[in-house]
Amino acid sequence: MSGTVDPVLIAGRIAEIESALPAGIELVAVSKFQPVDAVRAAWEAGQRRFGESRVQELLEKIPLLPDDINWHFIGHLQTNKVRQIIGKTSLIESVDSLRLLNLIEKESNASGVMTDVLLQVHVAAEETKFGFSRQELEDYFASGAFRELSNTRLCGLMAMATNTSEQSVVRRDFAEAADIFRNISQSYGEQLPQFRSLSMGMSGDWPTAVEEGATIIRIGSAIFGPRIY
Ligand SMILES: *Cc1c(COP(=O)(O)O)cnc(C)c1O
């Protein structure tokens, strides 16, 4: 990972997004594939929440950066890597199967930590995106199995819209995710007081996500510029 980091540019973009964000909505700076210097520049501008999508990269960055960073894991998490990140994240946003949820619970229990997670809901048209369907989520909550979680806190949902420039399609996806989120909150909110976050919206579509009810947005390229793969 190399490339020129412009701290003034990064700080300016963060300030611009923050000033456009309604109060209470959390900005996650998605730092995947970005150099440590870029993360540090954002940190110096006051940013404390960062998103990473690969376990290896997250584990490499953590010791090189200030320890007051809240790391959000936002990528597909392979079950064989769960143990490596337990206790290192402030939020795992991309829990996309019950198998993964149960493993996070087991490893968190073994490590004696509480892990905050979001369940990823699949609303996009693409077949390839990971996540629970609306039906799968409804079945899971109706089963009451969430009450048995002792070391995992269900904090809400994460969603990605269809990858298209057509904002009507994107809006429909976000509205669907928000509807699922509201239904779960209404039915189970008393038992899950921390179920309050709806993470949706990226560089190209975050204003639409905010209009549809996002409480967390995840912005990469609009802060850091293009990723260096
Ligand atoms: C990469 C990524 C983002 C950020 O994408 P940008 O378009 O660069 O803002 C947001 N969410 C997830 C899950 C991602 O993988």
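The values are calculated or read from the model by the stated rules, or taken from the named source; none is laboratory data. Just so we're clear, the structure is a prediction, and the values are computed from it rather than from any experiment. Quick reminder, even Gly has a Cβ in these numbers, built from the backbone with ideal geometry, and neighbours come from all protein chains shown. Note: accessible area is taken over every heavy atom of the protein model, side chains too, but ligands, DNA and RNA are not part of it. Shrake-Rupley method; radii C 1.70, N 1.55, O 1.52, S 1.80 Å.
Annotations for the structure displayed:
- In region 1-112 the Cα-Cα distances spread across 10 Å bins starting at 0 as 13, 42, 30, 13, 1 percent of all pairs.
- For region 151-229, a crude dipole built from +1 on the beta carbon of Lys and Arg and -1 on the beta carbon of Asp and Glu, taken about the Cα centre, is about 280 debye to the nearest 20.
- Calculated [θ] (222 nm, deg cm²/dmol) that DSSP helices of n ≥ 4 give over the chain, each run adding -39,500 (n - 2.57): -11500 deg cm²/dmol
- Segments 4-12, 16-24 sorted - mean Cβ within 10 Å per residue, highest first: 4-12, 16-24
- Take each peptide in 145-153, 219-227, count the other Cβ atoms within 10 Å of every residue, and average; sorted highest first, the result is 219-227, 145-153.
- For region 96-176: rounded, prolate or oblate by the Cα gyration tensor [a/c cutoff 1.5]: prolate
- Shape box of region 36-94 [Cα atoms, principal axes, largest first, Å]: 34, 19, 17
- Under 20 Å from the Cα of Lys61 - aspartates and glutamates, other chains or at least 8 residues apart: Asp6, Asp37, Glu44, Glu52, Glu93
- Amide H within-cut-off set for Ala161, under 5 Å, with H built and near neighbours excluded: Gly201
- Net charge of Cβ neighbours under 10 Å - reference Gly51; Lys, Arg +1; Asp, Glu -1: +1
- The 1.4 Å probe gives accessible areas that order Lys106, Lys81, largest first, as Lys106, Lys81.
- Tensor-based shape of the chain (alpha-carbon gyration tensor, a/c under 1.5 rounded, otherwise prolate or oblate): oblate
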